[in-house]
1. Hey, any idea what the orientation-averaged projected area of the convex hull of the chain's Cα atoms comes to, in nm²?
2. Quick check on the chain: of the DSSP beta bridges with both residues there, what percent are antiparallel, nearest 5%?
3. Show me the GluC sites (Glu not before Pro) within segment 24-57 that DSSP assigns to loop and that have at most 16 other Cβ atoms within 10 Å of their Cβ.
4. Place a point 7 Å from Cα of Ala273 in the direction of its Cβ. Which residues in segment 69-88 have their backbone N less than 16 Å from it?
5. Run the simple label-point estimate for Cys50 and Leu215 please: 7 Å along Cα→C-beta, distance reported in nm.
6. Out of the total accessible area of segment 56-279 (probe 1.4 Å, heavy atoms of protein only), what percent is carbon and sulfur?
7. Along the positive direction of the dipole of segment 149-252 (beta-carbon charges: Lys, Arg +1; Asp, Glu -1; about the Cα centre), which of Val173, Pro244, Ser183 reaches farthest?
8. Test of understanding: what is the full-extension gain from Glu242 to His256, defined as 0.36 nm times their sequence separation minus their Cα-Cα distance?
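The values are calculated or read from the model by the stated rules, or taken from the named source; none is laboratory data. In this text, all values refer to a predicted model and were calculated from it rather than measured experimentally. Here the Cβ positions follow ideal geometry from the backbone for every residue, glycine too, while neighbour counts run over all protein chains shown. To get the accessible areas, we keep the full protein, side chains included, count just its heavy atoms, and leave off ligands, DNA and RNA. Shrake-Rupley method; radii C 1.70, N 1.55, O 1.52, S 1.80 Å.
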Amino acid sequence: MAKDNKSQWDGFSLKPRREMPEGLWVKCPGCEKTIYKKKAVENRDVCPECDYHFRIGAADRIRYLADEGSFEQIHTEMVSADPLDFHFRGTTYKDRAAAAETRAAGKEAILVGKAFIKGRGVSLAVMDFNYLGGSMGAVVGEKLCAAIDKAIEEKLPLIVVSASGGARMHEGVVSLGQMAKTSAALARLDDAGGLFISILTDPTTGGVTASFAMLGDVIIAEPKALIGFAGPRTILETIKVELPEGFQRAEFLLEHGFVDMIVHRKDMRSEIARLIDYTC
Ligand SMILES: [Zn+2]
């Protein structure tokens, strides 16, 4: 594990602690300066001093990416059937899902639909870390496949923004099945000659990294995003190997060829439009 772990910017955590806190002023976890929150929000939830990218929910993500008012969401009412009747430490999956819904932008950990980005029509899927850590269960898989099908049917570029702690363990093997299902759907898109731009945000881990997130024709990451399968602590405990400094950060993955480019949040719209024009 990286030794210099005092800053959240460098540390490893899947807890949603890096969203913008309440209040007029916030302490930036990147540069540790106290910044005027309004300035950071106007800067798309990025620290104006050091470019630290705060975590954002799906609603803000869509607002920053899509042309104003252009997102037409589909399958908004689809919810999990709780296939295992899951109980854990006095709570149930249903209770946790109901609580998550109050924090998230929708009824599940992904929002899908059609949108325009700088006038280009796209099939857009955006994960929401605020809903059970952006975990992938049957509904996330199904909605993502619907977005892929729409891209195929209407010959639209597919844009997927990932933010996920991985597969949703409350659904056991059903959640793991989504890895194969989404990968197979992307193979159909590829056969149809479609374009898939995958955007990895902080954090993108577990079953999402091990399936659709890394299958993009172009893979873009936000600066310093945590991207990996198992976390450094799990790896250390399992194989007793300390990981190199910066391992699982976007910059390390770019250097080692797992990511094609790192794009600042403010440039994401322009970069997607440029890639669509270049490839379509
Ligand atoms: Zn900062």
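1. Numbers: hull surface 59.8 nm².
For the chain, averaging the hull's shadow over all directions gives 15.0 nm².
2. Details: 18 of 37 bridges.
Bridges in the chain that DSSP calls antiparallel: roughly 50 percent.
3. On the way: sites: Glu32, Glu42, Glu49; in loops: Glu32, Glu49.
When the GluC sites (Glu not before Pro) of segment 24-57 are filtered for loop state and at most 16 Cβ neighbours within 10 Å, Glu32, Glu49 remain.
4. Flagged as within label range: 69-71.
5. Label-label distance for Cys50 and Leu215, simple model: 3.7 nm.
6. Details: 5380 of 9740 Å².
The computed percentage sits at 55.
7. Most positive-ward Cα: Val173.
8. Full-extension gain reported as 3.2 nm.
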